[in-house]
1. With a 10 Å radius around each residue's Cβ, average the other Cβ atoms per peptide and rank 9-22, 41-54, highest first.
2. Work out the charge dipole of the chain with +1 on the Cβ of Lys and Arg and -1 on the Cβ of Asp and Glu about the Cα centre, then indicate which of 12, 66, 1 is farthest towards its positive end.
3. For residue 32 and residue 58, calculate 0.36 nm times their separation in residues minus their Cα-Cα distance, and state this gained length in nm to one decimal.
4. How far is helix 3-33 tilted off the main Cα axis of the chain, in degrees rounded to 10, range 0 to 90?
5. Between the alpha-carbon centers of segment 60-81 and segment 42-59, tell me the distance in whole angstrom.
6. With label points built 7 Å along Cα→Cβ from the Cα atoms of residue 43 and residue 1, find their separation and express it in nm.
7. In the chain, if the dipole is taken from +1 on Lys/Arg beta carbons and -1 on Asp/Glu beta carbons about the Cα centre, which of 57, 42, 28 is farthest to the positive end?
8. For the chain, what is the charge dipole size about the Cα centre, in debye to the nearest 20, if Lys and Arg each add +1 at the Cβ and Asp and Glu each add -1 at the Cβ?
Amino acid sequence: MNRVAAVLLAVVGGAAAALFALMIFGGGFLGLLWLFVFGDDPWPQWAEVALNIAIPIVGLFLWAVFGWQIWLRLKRFAEQP
């Protein structure tokens, strides 16, 4: 497999997997906060700021983790005779 194609596949696949995981688990986390912590009342400003900072950081971290895992599997696949 071409190395450039493998990197591109790892980056795009990692981004897709990270987006899916962030939407599922992030939505679940926000749902739990809405149901059990803040409810229908206006959320405090600190919670909105914290979530606006934490969600992109977690998404980028997941992108790196999933992309790296895809890269390692593609590299192992390419090294097999």
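The values are calculated or read from the model by the stated rules, or taken from the named source; none is laboratory data. This structure is a prediction, so every number in the text was calculated from the model and none was measured. Cβ: placed from backbone, ideal geometry, glycine included. Neighbour counts: every protein chain shown. Ligands, DNA and RNA are stripped out before the accessible areas are found, and what is left, the full protein with its side chains, is counted by its heavy atoms. Shrake-Rupley method; radii C 1.70, N 1.55, O 1.52, S 1.80 Å.
1. Values: 9-22: 16.4, 41-54: 10.4.
Descending mean neighbour count gives 9-22, 41-54.
2. Of the options given, the answer is 1.
3. On the way: separation 26, 0.36 × 26 = 9.36 nm, distance 1.75 nm.
Value of the extension gain: 7.6 nm.
4. Taking Cα atoms only, the helix is inclined about 20 degrees.
5. 30
6. So the two model labels end up 3.7 nm from each other.
7. 57
8. On the way: 4 positive and 4 negative charges, 132 e Å.
My answer is approximately 640 debye.
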